[in-house]
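Engineer: Below is a structure I'd like to ask you about.
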Amino acid sequence: MKFSVLGSGSKGNCTLIESGSTAILIDAGFSGKELSRRLALIDRSPEDLDAILITHEHGDHTSGVGVMSRRCNLPVFANHGTHQASEARVKQLHQRCEFATGTGFDLDDLHIHPFCISHDTVDPVGFLVSDGVNSVAYCTDTGKITTLIRQRLRHCQALILEANYDPEMLLTGPYPMPIKQRVRSNQGHLANQDAAAFLAELCTTEVRHVVLAHLSETNNRPKLVAAQVEQELAHLQPCFSLDLAHQDQPSRVITVGKINNE
């Protein structure tokens with residue numbers, strides 16, 4: 001099982017997960033041309049894809065969904081609320097497929113379990129993607145780590161987790177106060193220290209690979225995320241590799257179960 005975060009941040013989000021003969025995108029927040037370019041950078045192509053899964057309707061997660069679906073004949077999976085809320089942006093789809101949040105479903109070689117997260121959209125979800133042996137969890141755009149999220153993520157082998165903002169940078173930054181309040185609310189985004197504290201909880205679990213994602217270009221810096229995680233894990237013995245996703249380029253391709261890259 002392999003995955004790569006093709007890009008993550010407020011300008012666009014997309015992650016590739018593959019196992020056996022099945023390859024999916026979680027979100028498609030870049031143009032079709034840009035997604036094709038990023039796939040090529042990791043030696044993949046749109047023709048390799050089997051489906052797109054959508055976490056929620058915001059444009060940085062859906063702007064390329066419609067064109068990729070139509071151009072590559074890809075089914076698009078989302079819950080009813082997200083399909084309805086993103087309809088105006090994604091327009092016609094090759095195939096619209098609905099799932100119920102909290103109910104797992106099979107997609108060729110993969111089993112997908114969508115779970116609730118806490119964000120200011122209609123029905124936002126994270127995903128636990130399994131090939132029957134290993135699993136990758138995707139959890140960004142959540143204002144808090146809920147009990148349900150903890151339960152879903154404790155048994156994955158790889159995790160893509162949000163570390164969106166540094167509270168001091170947000171407080172003193174250029175955003176208007178209503179947006180600052182939205183970001184730091186329980187339905188906003190995850191702060192660095194909250195992500196790091198959750199990683200500390202995972203040190204004794206099966207997680208072997210972590211990618212911290214959706215870093216704000218305005219209210220965060222990679223060095224601040226790294227320092228927060230280092231501080232939180234200083235007296236622990238984490239068994240996982242740690243990567244930071246970037247807005248402008250794909251991450252390395254991670255093979256679940258190994259600490260390596262392509």
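The values are calculated or read from the model by the stated rules, or taken from the named source; none is laboratory data. In this text the structure is predicted, and so the values were computed from the model without any measurement. As a convention, Cβ positions derive from the backbone with ideal geometry for all residues, glycine included, and neighbour counts pool all protein chains shown. Heads up: the accessible areas ignore ligands, DNA and RNA and are worked out on the full protein's heavy atoms, side chains in. Shrake-Rupley method; radii C 1.70, N 1.55, O 1.52, S 1.80 Å.
Engineer: Taking Arg89, is it in contact with a Cys (Cβ under 9 Å, 6 or more places away or on another chain), among the charged types (D, E, K, R) and closer than 22 Å to Gly188 by Cα?
Structural biologist: Taking the combined requirement at face value, the residue does not satisfy it.
Engineer: Restricting the first residue to segment 180-206 and requiring it to be closer than 23 Å to Asp243 by Cα, which pairs with a second residue that is assigned to a loop (DSSP other than H, G, I, E, B) and acidic (Asp, Glu) meet a Cβ separation below 6 Å and a spacing of at least six or different chains?
Structural biologist: Asn192/Asp166
Engineer: Kindly indicate whether any position in segment 49-65 is open to solvent by 40 Å² or more (accessible area, probe 1.4 Å) and in contact with a strand residue (DSSP E or B) (Cβ under 9 Å, 6 or more places away or on another chain).
Structural biologist: yes
Engineer: Condition test on Val76, is it surrounded by 14 or more Cβ atoms within 10 Å (Cβ to Cβ), on the phi < 0 side of the Ramachandran plot and in contact with a Lys or Arg (Cβ under 9 Å, 6 or more places away or on another chain)?
Structural biologist: Taking the combined requirement at face value, the residue satisfies it.
Engineer: Continuing with this model, one more query. Note down all Cβ pairs under 7 Å where the first residue falls in segment 33-56 and is free of Cβ contacts under 8 Å to residues at least 24 places away in the same chain, the second is open to solvent by 10 Å² or more (accessible area, probe 1.4 Å), and they're at least six residues apart or on different chains.
Structural biologist: Ser36/Pro46
Engineer: Run down Asn186, Asn164 and say which single residue is of a type in the set (S, T, N, Q), surrounded by 16 or more Cβ atoms within 10 Å (Cβ to Cβ) and within 22 Å of the chain's Cα centre (by Cα).
Structural biologist: Being of a type in the set (S, T, N, Q), surrounded by 16 or more Cβ atoms within 10 Å (Cβ to Cβ) and within 22 Å of the chain's Cα centre (by Cα) holds for just one of Asn186, Asn164, which is Asn164.
Engineer: Has segment 136-151 got any residue that is of a type outside the set (Phe, Trp, Tyr), surrounded by 22 or more Cβ atoms within 10 Å (Cβ to Cβ) and farther than 22 Å from Thr62 by Cα?
Structural biologist: no
Engineer: Could you list, in sequence order, all residues of segment 189-233 that are open to solvent by 10 Å² or more (accessible area, probe 1.4 Å) and among the polar types (S, T, N, Q)?
Structural biologist: Gln193, Thr204, Thr205, Ser216, Thr218, Gln228, Gln231, listed by residue number.
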